[in-house]
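Inspection log for the structure reproduced underneath, given as structure tokens.
FYI, it's all coordinate maths here, none of it is from the lab. In this text the structure is predicted, and so the values were computed from the model without any measurement. Positions of Cβ are generated from backbone atoms using ideal geometry, with glycine treated the same way; all protein chains shown enter the neighbour counts.
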């Protein structure tokens, strides 16, 4: 599940920014997940609803503060940075920011992966998709396209499995089919061998995938940089 960091791809803001776009906001020195909406696009500025956290508590920052916005348009994730200008109460409280010169595009195959050591259940399937074995284990990392987990033996590439995660916000119990795409033996000086098993989710519904990605971005905001993988 490890790969090299790909070359950055940037697009013009006017191509991807749309009125009503839901935005995830990351402020410096504020670990809360914050949410906003794009209200207006001017020649040199953006107007956003005042970002709020999950408890609807509004964010507060000083003029000149830079922060990051990210969003998903149904095909790709995008990320850009802006500077806060002022807070204004119009029909609703809004923030005025400068307009980004460029927006970074994050393609599906380049999903950010994050450390994910939660318990999970893996079921091995036979050629008829019947359950062969149920395994209780822990995750290693998670992305919108797949998962890596720990196992005491390798699994054949192409092996069909199901992965069950007890709780993902917006989804609840996640139980989905996946295909093993790689395995790596850990270089540990112990008698018991351990393997990282990488699996790709199969035919995952877009709405479910979007919720997983939003969950990952929320975890990313709260995690130290060393926990984030590309």
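Computed values, structure above
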item: Relative contact order for region 93-196, counting Cα pairs under 8 Å that sit 6 or more residues apart, in percent; result: 22
item: Degrees, to the nearest 10: 206-222 long Cα axis against longest axis of the chain; result: 80
item: With 5 Å bins from 0: P(r) over the chain, alpha-carbon pairs, percent; result: 1, 6, 13, 16, 16, 14, 10, 8, 6, 5, 3, 1, 0, 0
item: Mean Cα-pair separation over length for region 1-90, i.e. relative contact order, pairs under 8 Å, 6 or more apart, %; result: 21
item: Theoretical gain in end-to-end length, residue 87 to residue 43 [0.36 nm per residue, Cα-Cα removed]; result: 14.0 nm
item: 10 Å binning of all Cα-Cα separations within region 111-227, expressed as whole percents from 0 upward; result: 14, 47, 32, 8, 0
item: Mean separation of Cα contacts under 8 Å, 6 or more apart, over the residue count of the chain: relative contact order %; result: 16
item: Spin-label pair residue 193/residue 124, simplified geometry with 7 Å Cα→Cβ offset, distance in nm; result: 1.3
